[in-house]
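Below is one structure, written out as structure tokens, with a few remarks after it.
A short reminder: the numbers here are calculations on the coordinates, not readings from a lab. Keep in mind it's a predicted model, so treat the numbers as computed, not measured. We place every Cβ from the backbone using ideal geometry, glycine too, and count neighbours over all the protein chains shown.
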Amino acid sequence: NAGVMQNPRHLVRRRGQEARLRCSPMKGHSHVYWYRQLPEEGLKFMVYLQKENIIDESGMPKERFSAEFPKEGPSILRIQQVVRGDSAAYFCASSPPWGSGANVLTFGAGSRLTVL
Amino acid sequence: GDSVTQMEGPVTLSEEACLTINCTYTATGYPSLFWYVQYPGEGLQLLLKATKADDKGSNKGFEATYRKETTSFHLEKGSVQVSDSAVYFCALSLPANTGNQFYFGTGTSLTVIP
């Protein structure tokens with residue numbers, strides 16, 4: 001039973017390019033969370049999604065960042081016109097359906113974005 | 001609002017020393033509490049959890065007790081090993097209308113030296 005799969009593991013972009021990070025949740029999990037971890041800092045919540053629905057995006061920057069979790073396929077975190085300050089590790093986590101009794105987050109290994 | 005505050009690091013200990021990492025929380029409801037561990041270059045892994053007051057979570061020699069009266073969930077280990085060197089995150093989970101929201105502390109870096 002594969003865990004949370006994130007790709008790419010490492011991504012290098014030049015300033016102004018777009019970055020797309022993908023996350024496939026654990027089998028049977030219906031909720032996806034995205035977090036950002038800056039060097040030497042803690043974990044910052046960005047967005048929380050169900051299939052085809054954004055539940056909470058209070059941690060997402062208002063510009064350049066967007067996230068989706070389509071009916072088919074992985075969740076995608078998209079960063080347009082990247083800047084050096086976007087360099088960070090981006091972690092995806094998934095959890096089972098609401099009410100299933102198991103409210104544990106399972107994390108992926110992360111995608112490390114470097115902006116040159 | 002709902003939040004987690006944990007002890008600032010970094011923490012450096014000698015092998016076989018005792019470890020305590022403090023964690024306190026603020027929550028409007030009845031949270032579940034967690035400790036996650038992050039080894040270098042990896043994602044977070046669940047270390048232990050407790051879902052109600054007075055529950056004790058334990059795993060790999062680590063323990064934490066859910067103390068409602070002091071709103072705390074301190075992580076303890078009696079004898080640390082070099083392999084315990086990692087960043088430790090305290091977290092809480094609260095139910096919301098459509099799912100659970102999770103709140104993480106800032107992480108405490110632990111280095112164990114031989």
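Listed values, structure above:
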item	result
Computed lengthening from A:Glu63 to A:Arg84, 0.36 nm per intervening residue step minus Cα-Cα distance	6.1 nm
Considering only the protein assembly as shown, percent of DSSP beta bridges that pair antiparallel, nearest 5	90 percent
Lysine pairs meeting the criterion (Cα under 28 Å, 8 or more apart or interchain), as found in the protein assembly as shown	29
Value of relative contact order over chain A, rounded to a whole percent, pairs C-alpha under 8 Å and six or more apart	36 percent
Inter-chain shielding of A:52-65 (mean C-beta neighbours from other protein chains, 10 Å cut-off)	1
Percentage relative contact order, chain B, counting C-alpha pairs under 8 Å, at least six apart	37 percent
Unit charges on C-beta of K, R, D, E only; dipole of the stretch B:1-71, Debye	260 debye
Cβ-based charge dipole, the protein assembly as shown, positive-most Cα from B:Thr24, A:Leu38, A:Thr114	A:Thr114
Cα centre as origin, Lys/Arg/Asp/Glu Cβ charges: the protein assembly as shown dipole, Debye	820 debye
Förster-model FRET efficiency, 30 Å R0, A:Arg15 and A:Asp56, C-beta, rounded to 0.05	0.55
Length added when fully stretched, B:Thr5-B:Asn22, from 0.36 nm per residue minus Cα-Cα	5.3 nm
Cα-centre dipole for chain A with unit charges at Cβ (Lys and Arg positive, Asp and Glu negative), debye to 20	420 debye
Lys/Arg +1, Asp/Glu -1 at C-beta; chain A dipole; positive extreme among A:Leu77, A:Met60, A:Met26	A:Leu77
Residue list for the stretch A:44-62, given a label point 7 angstrom along the Cα-to-Cβ vector of A:Lys71 and an amide N cut-off under 19 Å	A:49-55
